[in-house]
Amino acid sequence: MDKSAQSYRRFLDGDDDALGEIVDLYREGLILFIYRYVANLADAEDLAEDVFVELIVNPERYGFRSSLKTYIFTLGRNKAVDFVRKQSRIRPVQNPDERLAELADLHTLESHVIRGEENRRLYEALDSLKDDYRTALHLVYFEELSYKEAAGVMKKTPKQLENLVSRGKKAVRELMGEEGI
Amino acid sequence: MKTRDEFIRSVREKSEIAMAEKEAARAEKKIKKKKIMSWSAAAAACLVIAVSAGSIGNIGSMFKTGVDGIDAAGTINVTDMDGTASTAERGGASATDSYSSESKNLYMLPAGIVLEDIVNDSRTEINGEGVAEYMDWFYNLPDEMKLTTEEYEEECEKSEPERTVRYRFTMDLSLGEDKEGVDRIFYIVDGVELP
């Protein structure tokens, strides 16, 4: 059982502080991951909260079968996909001040999650990739999930995930020149 | 963006609301089950009375057309019943009221069907002639391969689910001009062959 799953077990046994430990481990990474789908930081934060709500309200659905991180990111992806599907095509336009504040928050968040200049350049390059490539590379490189875990989050087989990563890397190499990844 | 503590506070507040809703849904489910049991008994009693009165022909036609709220298997859809005898006398069966595994041909066609592949996040909308084909397919599936929303939720709550759900099957039941369409949702397990 990994560290976060142990914290979750303690939380379910009545240790309220253990929830904070899980939040500390995954909050920022999860918000950034969801942001890549919904493209709005407030929405991403709201959906990330819903993921933790799910852990509290429906603990029986986890069952300690996979790593807690995989489970949390799977929930995050599902909620993000549902959100994008349901949301109105017409979105209210943010006023410039709000947009600036969001960009500043996003920059802070990225600097916490994306470490190092090389990763930073990779992260920016991901914006130009197809959704599946981007998600696969994000999970493997920035969240450091194994291929098997990332496949679980994306509801793919490990082989499919391997192909996505391989093709994603090729696309990044084309974008970034020989440096690539 | 919220601070860590604000985030946790918000999660706790949302959780309290969600817990209360979950409890309310559970309580409602219990009440519904009780109602179904008592109305099933009432339906059985009605049939016995009808048989003893010698109205076998009428019972035959009841099986053929269905009675509002009562299906051919004698169970009652409590959402259609207000608890009075007059309700049971109204004619016309809704699409799912008249379904049972013994009476496959009694259903009315829904206005449309949406088949969602939950695993692959894909969605198919079926309208027009395709509806009849999908309804036949759906009703011919063995009972253990299709779950109601309640059964699906119960399955989700199990630590080791016995069945892997693959599809969400939504029927748009338009019940007439004066009634709004109502969705009836079932879940279908993995491994079935689509029409």
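The values are calculated or read from the model by the stated rules, or taken from the named source; none is laboratory data. Here the structure is a predicted model, which means the values were calculated and not measured. As a convention, Cβ positions derive from the backbone with ideal geometry for all residues, glycine included, and neighbour counts pool all protein chains shown.
In the range A:88-117, the residue that is nearest to B:Thr3 (Cα to Cα) out of those that are in a loop (DSSP other than H, G, I, E, B) and at pLDDT 75 or above is A:Ile114.
Would you check if A:Phe83 is closer than 23 Å to B:Cys156 by Cα and either more than 13 Å from chain B (Cβ to nearest Cβ) or more than 13 Å from the chain's Cα centre (by Cα) (or both)? Criteria met by A:Phe83. Contact map, the range B:121-140: residues that are assigned by TED's automatic domain parsing to the domain that holds B:Met171 and over 15 Å from B:Arg168 (Cα atoms) paired with residues that are aliphatic (A, V, I, L, M) and part of a loop (DSSP other than H, G, I, E, B), Cβ distance under 7 Å, separation 6+ or inter-chain. Pairs shown: B:Val131/B:Leu109; B:Ala132/B:Leu109.
Would you confirm, using the coordinates I've provided, whether A:Arg77 is over 15 Å from the mean Cα position of the chain (by Cα) and surrounded by 14 or more Cβ atoms within 10 Å (Cβ to Cβ)? The answer is no for A:Arg77. On the basis of being within 13 Å of chain B (Cβ to nearest Cβ) and crowded, with 19+ Cβ neighbours inside 10 Å, does A:Leu68 make the cut? The answer is no for A:Leu68.
Contact map, the range B:179-195: first residue exposed (fewer than 10 other Cβ atoms within 10 Å of the Cβ), second residue modelled with pLDDT under 85, Cβ cut-off under 9 Å, separation 6 or more or different chains; pairs are B:Glu180/B:Ser174; B:Gly191/B:Thr164.
Scanning the range A:36-56 for residues that are farther than 22 Å from A:Ser7 by Cα, within 11 Å of chain B (Cβ to nearest Cβ) and not acidic (Asp, Glu) turns up A:Leu41, A:Ala42, A:Ala44. Within the range A:75-95, not a single residue is over 25 Å from A:Leu126 (Cβ atoms), without any contact (Cβ under 8 Å) to a residue 60 or more places away in the chain, in contact with a Lys or Arg (Cβ under 7 Å, 6 or more places away or on another chain) and not small (Gly, Ala, Ser).
Restricting attention to the range A:4-24, which residues are charged (D, E, K, R) and farther than 13 Å from A:Tyr62 by Cβ? Break it down into steps so the answer makes sense when it comes.
Going residue by residue through the range A:4-24, those that are charged (D, E, K, R) are A:9-10, A:13, A:15-17, A:21, A:24.
The answer is A:Arg10, A:Asp13, A:Asp15, A:Asp16, A:Asp17, A:Glu21, A:Asp24.
Summed over the range A:53-63, residues that are in contact with a Lys or Arg (Cβ under 8 Å, 6 or more places away or on another chain) and either under 19 Å from A:Asp105 (Cβ atoms) or hydroxyl-bearing (Ser, Thr, Tyr) (or both) total 0. Of the residues making up the range A:16-34, none is in contact with a Cys (Cβ under 9 Å, 6 or more places away or on another chain) and either surrounded by 16 or more Cβ atoms within 10 Å (Cβ to Cβ) or not assigned by TED's automatic domain parsing to the domain that holds A:Gly152 (or both).
Exactly one residue out of A:Leu122, A:Leu137, A:Leu161, A:Leu109 is surrounded by 20 or more Cβ atoms within 10 Å (Cβ to Cβ) and in contact with an Asp or Glu (Cβ under 6 Å, 6 or more places away or on another chain), and it is A:Leu109. Against the numbered list (1) more than 13 Å from chain B (Cβ to nearest Cβ); (2) small (Gly, Ala, Ser); (3) part of a helix (DSSP H, G or I), A:Gly20 comes up short only at (1). Here A:Met154 fulfils each of the conditions (1) within 12 Å of another protein chain (Cβ to nearest Cβ); (2) closer than 27 Å to B:Lys2 by Cβ apart from (2). Criterion applied to A:Asp50, A:Asp13 was being under 30 Å from B:Pro161 (Cα atoms) and more than 20 Å from the chain's Cα centre (by Cα), and the one residue passing it is A:Asp13.
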